[in-house]
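Worksheet: one structure, shown below.
Laboratory data are not the source of any read-out in this text; all were calculated from the coordinates shown. Bear in mind the structure is a predicted one, so any value in this text is a computation, not a measurement. Note that we place each Cβ from the backbone using ideal geometry, even for glycine, and neighbour counts take in every protein chain shown.
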Amino acid sequence: MSTIAIIDYGMGNLHSVASAFEHVCDSKIIVTSDVAEIEAADRVVFPGVGAIRDCMAEIRRLGMDEVVKKAVAEKPVLAICVGMQALMEHSEENGGVDCIGLLPGKVKFFGDKLKDEAGEKLKVPHMGWNQVKQLDHPLWNGIEDNRRFYFVHSFYVKAERSDEVKATCHYGLDFDVALSHGNLFAVQFHPEKSHTAGLQLLKNFASWDGKA
């Protein structure tokens, strides 16, 4: 039986992610901060919620930045929400925070003056369901383009490399919500909260060989 390790660095309800995986695949699912368990797993999930400053502090304290880099070089890795943001070079949140730097690009604030096409002010954080426009990748198998996924975030990713962008979204502006780099697939939305489409993405990851 293959194993999926969900990295626990003390930020967020990881058991909802674990439960979603248990619902869609036969893999052994473990929530762990044990480096040996993460390194031994067949696939790794790098989640995250909350302020990036606190997340990065714990990631570095536990050495999970190096663990994630090593995992991405060797096996399929799925990053979720702040997990995706933590992989970028720098975030504007909390006055500016340097991140892991595995993916070139920045994390930017939606702003206090975000408006829709009619000029109406949009609420920040961007919270709730929104359409995701896909670009070709195996993790979209069985998921219709423009399906809605569930978001909760005040900061968004803008990648430097267009070839790494595998999905975009619009909320007052266009931003990147899925990135791919080798064995890595990272998403801004929460697949574990996104009903059928999200569960299908998790199911696809559970059998993904890490090839785009």
**Item:** Reach of residue 108 by Cα under 17 Å, taken over lysines that are not fewer than 8 positions away in the same chain
**Value:** 123, 158
**Request:** Treat every Asp and Glu Cβ in segment 1-83 as -1 and every Lys and Arg Cβ as +1, leave all other atoms uncharged, and give the resulting dipole magnitude about the Cα centre to the nearest 20 debye.
**Result:** 220 debye
**Item:** Kyte-Doolittle at least 0.5, axis length at least 20 Å by Cα - qualifying DSSP helices, the chain
**Value:** none
**Asked** Given +1 on the Cβ of Lys and Arg, -1 on the Cβ of Asp and Glu, and no further charges, what dipole in debye does the chain carry about its Cα centre, rounded to the nearest 20?
**Response** 320 debye
**Request:** Would you mind ranking 74, 144 so that the residue whose beta carbon has the fewest other beta carbons within 10 Å leads the list?
**Result:** 144, 74
**Prompt:** Assigning unit charges at the beta carbon (Lys, Arg +1; Asp, Glu -1) and nothing else, what dipole magnitude in debye, to the nearest 20, does segment 103-187 show about its Cα centre?
**Reply:** 300 debye
**Message:** Applying a 10 Å radius around every beta-carbon, put 160-168, 181-189 in order of their mean neighbour count, most first.
**Reply:** 181-189, 160-168
**Asked** Roughly what % antiparallel, to the nearest 5, for the DSSP beta bridges in segment 1-123?
**Response** 20 percent
**Message:** Within 10 Å of each candidate Cβ there may be at most 14 other Cβ atoms; applying that plus a DSSP loop requirement, which trypsin sites (Lys or Arg not before Pro) in segment 69-141 survive?
**Reply:** 113, 123
**Asked** When a footprinting reagent is the concern and you count Cβ atoms within 10 Å, what order do 54, 112, 34 take, fewest first?
**Response** 112, 34, 54
**Item:** For the chain, convex hull of alpha carbons as volume per residue, Å³
**Value:** 105 Å³
**Asked** Mind checking which lysines have their C-alpha under 19 Å from residue 28, skipping anything on the same chain fewer than 8 residues away?
**Response** 75, 203
**Item:** Cα gyration tensor shape of segment 91-136, rounded if a/c is under 1.5, else prolate or oblate by comparing a/b with b/c
**Value:** oblate
